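Colleague: Sharing a structure here in structure tokens format.
Just so you know, all these numbers are worked out from the coordinates, no wet-lab data involved. Predicted model only: the values in this text are computed from it and were never measured.
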Amino acid sequence: MLDDRWETTLDRVLLLTVLLSQDMASSLARMGLTEARTHLVWELRKLGPCTQRRLASALRVTPRAVTALVDGLAETGFVTREPCPTDRRATLVTFTELGRSTAQALADSHRELARRLFGGMTAGEFDGFDAGLIQVLDGLRAVLAAKAQGES
């Protein structure tokens, strides 16, 4: 029955999320990071030195939440706050050498995991997987949007 196959595949997708989450949590803990702090490090890597307001916008969190994240990252030596040259009321969040090397290590391990997970697939297998994954993500976004609007 097709519905049984769908449920079995959904179980595999859920298992995938659990395994990825476990791997990420243990890897980040070894680096001295939490998931939330890592998200900030990842965005800062993309944006370069920027204000906390810009980080809050990029992370889609409140300025207060970003302040707490930056405080934690500053206390553990990943970032510093420096005066903003264009706005004396603002400060720039910048990487320390530890932060810069950690951000690079995150990017390198991300690339390596992608290589290990997908490197054994043929181009056709990968393209099919990627297309199916996009379709599933689009479907999940639609379900979540409908739930947010009070539909079932």
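Colleague: Long-range amide H contacts for Val79: which residues qualify at under 5 Å (H placed 1.01 Å from N, peptide plane, sequence gap of 5 or more or a different chain)?
Modeller: Here Ala74, Thr96 satisfy the definition.
Colleague: Express in whole angstrom the spacing between the alpha-carbon centres of the stretch 64-122 and the stretch 1-59.
Modeller: The stretch 64-122 and the stretch 1-59 have Cα centres spaced 14 Å from each other.
Colleague: For Leu33, list long-range residues whose amide hydrogen, built 1.01 Å from N in the peptide plane, is under 5 Å from its own amide hydrogen.
Modeller: Under 5 Å from the amide H of Leu33: no residue qualifies.
Colleague: Next up: Before rounding to the nearest 500, sum -39500 (n - 2.57) across all DSSP H runs of length at least 4 in the chain and divide by the residue total; then give [θ] at 222 nm in deg cm²/dmol. Before the final figure, lay out each step's value.
Modeller: Values: 6 runs with 112 residues, N = 152.
So the calculated ellipticity at 222 nm is -25000 deg cm²/dmol.
Colleague: While we're looking at this one, here's another question. Here are several values of Kirkwood radius over Cα pairs in Å: (1) 20.0; (2) 16.3; (3) 18.3. Which one was derived from the coordinates shown?
Modeller: (3)
Colleague: Separate question: Report relative contact order for the chain in percent, whole number only (criteria: Cα-Cα under 8 Å, sequence separation at least 6).
Modeller: Numbers: 91 pairs, mean separation 22.9, N = 152.
Relative contact order comes out at 15 percent.
Colleague: Let me ask another. Show me, for the stretch 127-142, the HN-Hα J-couplings you get by feeding each phi into the Karplus relation (A = 6.51, B = -1.76, C = 1.60, θ = phi - 60°), rounded to Hz, glycine and proline as x.
Modeller: Result, rounded to whole Hz: 4, x, 4, 4, 5, x, 5, 4, 5, 5, 4, 4, x, 5, 4, 5.
Colleague: Under 5 Å between amide H atoms, partner at least 5 residues away or on a different chain: which partners does Leu92 have, H built in plane at 1.01 Å?
Modeller: Glu82, Cys84
Colleague: Here's something else I'd like to know. Per residue of the stretch 23-31, in order, report the coupling 6.51 cos²θ - 1.76 cosθ + 1.60 (Karplus, θ = phi - 60°) as ³J(HN,Hα) in whole Hz, putting x for Gly and Pro.
Modeller: In residue order, the calculated couplings are 4, 5, 4, 5, 5, 5, 4, 5, 8 Hz.
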